[in-house]
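**Q** Here you go, one structure.
The values are calculated or read from the model by the stated rules, or taken from the named source; none is laboratory data. Just so we're clear, the structure is a prediction, and the values are computed from it rather than from any experiment. All Cβ positions, even for glycine, are placed from backbone atoms using ideal geometry, and neighbour counts span all protein chains on display.
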Amino acid sequence: MIKASVIGATGYAGVELIKLLVLHPHVELVCLTSQSYAGQKIQDVYPHLRGFIDLELQIQDADKIGELSDVVFLALPHGHAVSTAEKICALGKKVIDLGADLRFRDAKVYEDWYHVKHENPLLSREAVYGLPEINRERIRKAHAVGNPGCYPTSALLALYPLVKNKLIDLNTIIIDSKSGVSGAGRSAVVTSLYGECAESLKAYNVGKHRHTPEIEQELSEISGNRVYVSFTPHLIPMIRGILTTVYASLNEKGKETDLSTLYHDHYQDEYFIRVHAKGVWPQTKWVTGTNFCDIGLDVDLRTNRVIVTAVIDNLVKGAAGQAVQNMNILFNLPEKTGLEQVPLYP
């Protein structure tokens, strides 16, 4: 059995991770931490877990947790993961960070966008960006994994076949995303209150969202060229789900390519990627509660633009589910182990 711990267990991503790990056939949860709820049992904080787990939430002690665990999941706010990750890695254990601290190979980019000094740029460079459909073999050999953000997961999976095969003008990429309110976390924030966000739709952090450089970093590495994108996120009044639509102009090679066939062929061996037939545009409800990413695409011949839509559950493929997928890779398990949920519908 893989002995696993979750540091920061009572946020939405942390509790989603617990839900997946308690049913994982090869995992034993040994430690859960919480700054706010230490001393209480997790099933008392989240009654929906009653009968599945009986663990008391503890104050974080990285050395103790590292000794007890084979893998430690960090579900902490940015700027709080690095020192803990250092200690876990020094003990020879695996770390999967669901926050932003290990996603950037260039710590200066992280510092510029997150306005926090990175405590260990070397660890950030050595950590592997944990998007399995792109970096599977590198993840397999990693000690530290930076779990991707939710918006970047949907955008990168939508764009990857186009960029990898050099089918678009890289200067024309536009990414439009909508997310449910759980993406803002569990903390009490005025803009996430029901009376503030219900029956309304808004763009936010336009031109300056912190997931922008993460998307650009990965697209630049895939293409071999420096890539800049226009990325606009929106808050939509639902609990879960992300719908991302990307637009880009096709180059001559792209115009001559059957893109539907390309996407089906590219993702045919990826269990968690479901490419739909031409003209079928996926909905967030089709993936709710699962680690699936559903993709639809078509070409607007009038404007010579390819349009790709990707939907994910922001708490699963966008966070906890992808973290479990990464754990499965690290420990040489089938990737879908513990993640074979049928979407909740309706």
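**Q** Pick from region 240-276 the residues that are in contact with a helix residue (DSSP H, G or I) (Cβ under 6 Å, 6 or more places away or on another chain) and part of a strand (DSSP E or B): which of them is surrounded by the fewest Cβ atoms within 10 Å (Cβ to Cβ)?
**A** That would be 249.
**Q** Output the residue which, of all residues in region 187-221 that are surrounded by fewer than 16 Cβ atoms within 10 Å (Cβ to Cβ) and of a type in the set (Val, Ile, Thr), is nearest to residue 8 (Cα to Cα).
**A** Residue satisfying both the conditions and the ranking: 189.
**Q** Still on this structure, please answer the following. Where in region 70-175 are there strands (runs of 3 or more DSSP E), lying wholly inside it, with at least 2 residues that are of a type outside the set (Asp, Glu) and within 22 Å of residue 216 (Cα to Cα)?
**A** Strands (runs of 3 or more DSSP E) meeting the threshold: 144-146.
**Q** Additional query: From the list 175, 134, pick out the single residue that is surrounded by 22 or more Cβ atoms within 10 Å (Cβ to Cβ), at negative phi, hydrophobic (A, V, I, L, M, F, W, C) and at pLDDT 95 or above.
**A** On inspection, the qualifying residue turns out to be 175.
**Q** Looking at (1) in a loop (DSSP other than H, G, I, E, B); (2) buried (at least 19 other Cβ atoms within 10 Å of the Cβ); (3) not aromatic (Phe, Trp, Tyr), which one does residue 32 not meet, given that it meets all the others?
**A** (1)
**Q** A further question on this structure: Do you know which residues across region 206-228 are touching a strand residue (DSSP E or B) at 6+ places or on another chain (Cβ under 9 Å), farther than 13 Å from residue 151 by Cα and not in a helix (DSSP H, G or I)?
**A** Listed by number, the residues that qualify are 206, 207.
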